[in-house]
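Only one structure is covered here, and it is reproduced in the block below.
The values are calculated or read from the model by the stated rules, or taken from the named source; none is laboratory data. None of these values were measured; they are calculated from a predicted model. Cβ coordinates were reconstructed from backbone atoms using ideal geometry, including for glycine residues, and neighbour counts include every protein chain displayed. Side chains are part of the model used for accessible areas, which takes the heavy atoms of the whole protein and leaves out ligands, DNA and RNA. Shrake-Rupley method; radii C 1.70, N 1.55, O 1.52, S 1.80 Å.
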Amino acid sequence: AQQQRNLDNIVSQQPRISGGKKSKKEFSASSELEVKNTSPMSEQDSGILDVEDEDEEEEVPGAQDLVDFSPVYRCLHIYSVLGARETFESYYRKQRRKQARLVLQPPSNMHETLDGYRKYFNQIVGFFVVEDHILHTTQGLVNRAYIDELWEMALSKTIAALRTHSSYCSDPGLVLDLKNLIVLFADTLQGYGFPVNQLFDMLLEIQEQYSETLLKKWAGVFRNILDSDNYSPIPVSNEDIYKKIVGQFPFQDAELEKQPFPKKFPFSEFVPKVYSQIKEFIYACLKFSEDLHLSSTEVDDMIRKSTNLLLTRTLSNCLQNVIKRKNVGLTELVQIIINTTHLEKSCKFLEEFITNITNVLPETVHTTKLYGTTTFKDARHAAEEEIYTNLNQKIDQFLQLADYDWMALEPGSRASDYLVDLIGFLRSTFAVFTHLPGEVDVHSTMSGKVAQTACMSACKHLSTSLLQLLLEAEVRQLTLGALHQFNLDVEECEQFARSGPVPGFQGDTLQLAFIDLRQV
């Protein structure tokens with residue numbers, strides 16, 4: 001069966017035993033099966049088998065070469081001569097039923113290694129191959145109904161055992177090997193005429209579990225990539241490195257190509273790494289779907305659903321964790337925004353990648369769409385929110401240093417120290433935003449928009465906070481000197497707003513943030 005399937009040696013091949021050619025019946029049964037099979041590979045195989053059948057040179061050991069059946073034949077003959085054939089038939093069947101139950105009892109640690117499963121399957125195959133041989137070499141010691149009944153029992157017990165044991169497995173590699181072994185087991189018994197559809201149905205259940213083990217594995221992979229990233233643009237010193245990165249990640253930018261070396265990609269290393277890993281995951285999903293007799297649309301659907309889970313659940317959680325991490329810097333958050341923008345653009349290439357693998361066009365009615373774009377949009381919005389929150393928290397820290405003497409007779413000669421420091425901090429922060437590396441479109445749309453929103457939100461927050469300081473219930477009296485000092489601080493804020501810390505504001509939009517404070 002393994003040679004027919006052309007599978008990579010999953011079950012180590014038994015040494016050949018000379019003598020005893022496989023009977024024509026067994027050959028033709030398996031050939032017919034292979035022809036019925038849907039994959040083109042099996043059609044080639046059936047051709048090879050036919051040639052072997054004609055030459056009869058290939059020696060494959062049959063049941064009679066591996067097992068000595070003579071005691072059974074002798075007993076049957078003796079009982080028949082004595083006229084008690086039926087007694088022997090019922091004795092034989094009863095004993096074999098008991099043996100079948102023993103064979104179907106899985107060892108408790110079967111799930112730990114592939115060998116455990118292999119031994120279990122070998123026992124079951126052995127049992128039914130022997131019964132099949134008895135069926136064909138004795139007139140009625142066993143009949144088809146008896147074998148079918150035993151097979152029904154075997155099938156339900158095997159499937160129950162596999163459900164239980166496979167659920168303990170957390171290694172996707174072992175689950176994949178197990179799947180290949182089950183396919184081989186099913187094909188072997190199908191070659192003897194046993195119905196195995198239920199085994200293939202169960203493999204679809206195992207596929208969901210395989211998908212879960214893959215998602216767990218890739219969660220670790222993504223975590224490592226995101227944790228080890230330096231969140232700064234990738235520097236490129238020569239053409240080779242440039243080509244290598246463009247080979248890993250679909251990125252085209254005519255402006256950047258024209259620039260002389262050394263130059264920088266706008267994104268950091270996690271972009272090509274994450275993109276490559278998503279493709280690796282897709283390959284891993286594809287491996288499971290091989291030999292399951294599924295249509296290409298079913299395979300396509302399976303891969304897309306698993307990839308959607310990878311993007312919307314696994315990768316999304318990893319990105320959110322990085323964004324919500326303590327001590328995450330503003331420059332890191334801005335880099336995450338740039339990175340997720342590029343990953344979002346790459347989603348259409350992932351769609352094409354899956355289409356090329358499965359040959360199912362995206363226009364097909366039932367095709368599941370990839371939800372990658374929403375994952376990256378959500379991460380970007382979370383990073384933006386984090387920037388605004390982060391800035392407001394920093395402003396609050398400076399404001400805690402505010403120490404106004406509301407009863408001062410004379411104002412100071414300049415704005416309060418804490419406020420000068422605060423404005424200095426805001427200036428340098430927004431300078432980081434506006435000097436971000438990257439292409440023109442990232443400048444104008446992404447960084448620009450985020451920088452404007454962040455700047456407006458910071459000014460509004462500062463204005464509201466200063467107004468609260470002034471209107472605090474504890475402040476019962478004010479001198480004109482104290483108000484003049486406060487006025488110097490408000491002027492410092494207005495001056496900051498007028499200086500255009502972030503380009504792109506219409507007229508005096510930013511100054512309007514302080515208008516209420518000014519009037520009060």
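Laid out as a table, the results:
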| quantity | calculated |
| --- | --- |
| Condition broken by residue 144, with the remaining ones in (1) of a type in the set (D, E, K, R); (2) open to solvent by less than 80 Å² (accessible area, probe 1.4 Å); (3) in contact with a helix residue (DSSP H, G or I) (Cβ under 8 Å, 6 or more places away or on another chain) satisfied | (2) |
| Residue ID - most open to solvent (accessible area, probe 1.4 Å), chosen from residues in region 236-274 that are within 25 Å of residue 318 (Cα to Cα) and not in a helix (DSSP H, G or I) | 269 |
| Pairs where the first residue, in region 374-390, is farther than 14 Å from residue 347 by Cα and the second is open to solvent by 70 Å² or more (accessible area, probe 1.4 Å), C-beta under 6 Å, 6+ apart | none |
| Which listed residue, of 401, 419, is surrounded by 12 or more Cβ atoms within 10 Å (Cβ to Cβ), touching a helix residue (DSSP H, G or I) at 6+ places or on another chain (Cβ under 9 Å), in a loop (DSSP other than H, G, I, E, B) and at pLDDT 90 or above | 401 |
| For residue 137: the one exception among (1) open to solvent by less than 10 Å² (accessible area, probe 1.4 Å); (2) of a type in the set (Val, Ile, Thr); (3) in contact with a Phe, Trp or Tyr (Cβ under 8 Å, 6 or more places away or on another chain); (4) farther than 30 Å from residue 275 by Cβ | (1) |
| Residue check for residue 187: touching a residue at least 60 places away in the same chain (Cβ under 8 Å) and charged (D, E, K, R) | yes |
| Among residues of region 316-354, those that are farther than 19 Å from residue 381 by Cβ and free of Cβ contacts under 8 Å to residues at least 24 places away in the same chain, counted | 5 |
| Members of region 84-109 found to be open to solvent by 70 Å² or more (accessible area, probe 1.4 Å), at pLDDT 90 or above and outside any helix (DSSP H, G or I), listed by number | 105 |
| The lone exception for residue 466 - which of (1) modelled with pLDDT under 90; (2) under 50 Å from the mean Cα position of the chain (by Cα) it fails | (1) |
| Residue list for region 136-177, restricted to those being more than 46 Å from the chain's Cα centre (by Cα) and not in a helix (DSSP H, G or I) | 138, 139, 140, 141, 142, 143 |
| Which numbered condition residue 480 misses (of (1) more than 20 Å from residue 512 (Cα to Cα); (2) open to solvent by 40 Å² or more (accessible area, probe 1.4 Å); (3) touching a residue at least 60 places away in the same chain (Cβ under 8 Å)) | (3) |
| Residues located in region 310-347, provided they are surrounded by fewer than 17 Cβ atoms within 10 Å (Cβ to Cβ) and either under 17 Å from the mean Cα position of the chain (by Cα) or among the polar types (S, T, N, Q) (or both) | 312, 313, 317, 320, 321, 327, 331 |
| Enumeration of residues in region 202-226 that are out of contact with any helix residue (DSSP H, G or I) (no Cβ under 8 Å at 6 or more places or on another chain) and touching a residue at least 60 places away in the same chain (Cβ under 8 Å) | 204 |
| Residue list for region 499-519, restricted to those being over 49 Å from the mean Cα position of the chain (by Cα) and either under 17 Å from residue 453 (Cβ atoms) or open to solvent by 50 Å² or more (accessible area, probe 1.4 Å) (or both) | 515, 516, 518, 519 |
| Any pair with Cβ under 7 angstrom, 6 or more apart, that starts in region 228-242 at a residue that is within 20 Å of residue 260 (Cβ to Cβ) and ends at one that is modelled with pLDDT under 90 and surrounded by fewer than 12 Cβ atoms within 10 Å (Cβ to Cβ) | 235/262; 236/261; 236/262; 237/261; 237/262; 238/261 |
| Residue within region 312-322 that is closer than 28 Å to residue 250 by Cα and in contact with a Gly (Cβ under 9 Å, 6 or more places away or on another chain) present | yes |
